[in-house]
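> Pasting a structure here, questions to come.
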Amino acid sequence: MHIYIAKNGTETGPFSEEQLHEMLNGGLASPSDLAWRDGLPDWQPLHTLLGLRQLPPPRLFGNDHFSAPKSRLNLCSEKNNLNNDIKNQNLTSSENKKLTLVEKAFCALPLLMIAIGGAIGGLLGGVGYVLNSSIFNKDISKSKKYFYSGLVSLASILSYIVVIFLLAALFPGLFEKK
């Protein structure tokens with residue numbers, strides 16, 4: 001049975017019941033996360049869909065896992081595997097994420113080089129825009145998104161300047177007024 005969960009505003013899945021039980025035990029999913037599978041008319045809490053009679057107590061210490069008999073090493077590797085599964089399944093949903101107007105404007109900063117530098121500026125600005133868009137679709141903090149995007153914009157501008165100087169050095173009469 002394929003089950004999808006909605007976590008932090010993002011739908012992920014499909015997962016098997018076994019995977020979901022492991023995710024619950026590892027703290028990667030919450031019994032109150034919404035879940036859906038074929039045949040259900042609407043989303044419902046995961047604990048209801050899985051038929052859990054009693055909710056586990058809330059975690060006191062983050063995602064630490066205190067159940068015996070698994071060793072800490074095995075637990076960490078299982079948790080990493082589940083984290084990777086979730087990240088891999090989130091790739092398709094995060095790639096199609098809608099950017100806000102501010103994020104779109106920030107992504108487009110390198111495109112200003114079209115007005116300044118014509119085809120060369122347009123090419124480098126387009127590359128900068130594509131890179132900035134991919135940065136804003138990544139699952140990282142907003143401050144990192146703006147920082148990395150700013151670096152890409154700066155790199156686009158510096159690349160433009162380097163290309164212009166190289167062209168001026170290779171073709172001395174190229175930029176002289178006639």
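The values are calculated or read from the model by the stated rules, or taken from the named source; none is laboratory data. This structure is a prediction, so every number in the text was calculated from the model and none was measured. For neighbour counting, all protein chains shown are included, and Cβ atoms are generated from backbone atoms with ideal geometry for every residue, glycine included.
> Test of understanding: among S153, S149, which residue is outside the structural domain of T12 (by TED's automatic domain parsing), modelled with pLDDT of 85 or more, hydroxyl-bearing (S, T, Y) and farther than 30 Å from T12 by Cβ? Outline the logic, then answer.
Numbers: S149 fails: farther than 30 Å from T12 by Cβ.
It is S153.
> Only residues that are under 24 Å from K98 (Cα atoms) and basic (K, R): list them for the stretch 1-43, please.
K7
> Just to be sure, is G39 modelled with pLDDT of 85 or more, in a loop (DSSP other than H, G, I, E, B) and either more than 21 Å from the chain's Cα centre (by Cα) or not β-branched (V, I, T) (or both)?
Numbers: modelled with pLDDT of 85 or more: yes; in a loop (DSSP other than H, G, I, E, B): yes; either more than 21 Å from the chain's Cα centre (by Cα) or not β-branched (V, I, T) (or both): yes.
Spelling it out, G39 is indeed modelled with pLDDT of 85 or more, in a loop (DSSP other than H, G, I, E, B) and either more than 21 Å from the chain's Cα centre (by Cα) or not β-branched (V, I, T) (or both).
> Report, by residue number, each residue of the stretch 142-176 that is in a helix (DSSP H, G or I) and either among the aromatic types (F, W, Y) or farther than 20 Å from I120 by Cβ (or both). So that I can check it myself, show each step before the final result.
Kept after step one, since they are in a helix (DSSP H, G or I), are these residues of the stretch 142-176: 142-170.
Those that are in a helix (DSSP H, G or I) and either among the aromatic types (F, W, Y) or farther than 20 Å from I120 by Cβ (or both): K142, S143, K144, K145, Y146, F147, Y148, S149, G150, L151, Y160, F165.
> Next question, about the same structure. Run N132 past the list (1) touching a residue at least 24 places away in the same chain (Cβ under 8 Å); (2) not in a helix (DSSP H, G or I) and report the number of the one that doesn't hold.
(2)
> Same structure, new question: Counting just the residues of the stretch 151-178 that are out of contact with any helix residue (DSSP H, G or I) (no Cβ under 8 Å at 6 or more places or on another chain) and not hydrophobic (A, V, I, L, M, F, W, C), which one comes out surrounded by the most Cβ atoms within 10 Å (Cβ to Cβ)?
Checked the stretch 151-178; the qualifying residue surrounded by the most Cβ atoms within 10 Å (Cβ to Cβ) is P172.
> Inspect the stretch 63-80 for any residue being out of contact with any His (no Cβ under 7 Å at 6 or more places or on another chain), modelled with pLDDT under 80, on the phi > 0 side of the Ramachandran plot and not hydrophobic (A, V, I, L, M, F, W, C) and give the result as yes or no. Steps first, answer last, please.
Step one: filter the stretch 63-80 for residues out of contact with any His (no Cβ under 7 Å at 6 or more places or on another chain), giving 63-74, 76-80.
Of the ones still in play, those that are also modelled with pLDDT under 80 are 63-74, 76-80.
Next, only the ones that are on the phi > 0 side of the Ramachandran plot stay: none.
No.
> Name every residue in the stretch 106-144 that is at pLDDT 85 or above and more than 30 Å from T12 (Cβ to Cβ), in order of residue number. Walk me through how you get there before you give the answer.
Step one: of the stretch 106-144, the residues at pLDDT 85 or above are 127-144.
V127, G128, listed by residue number.
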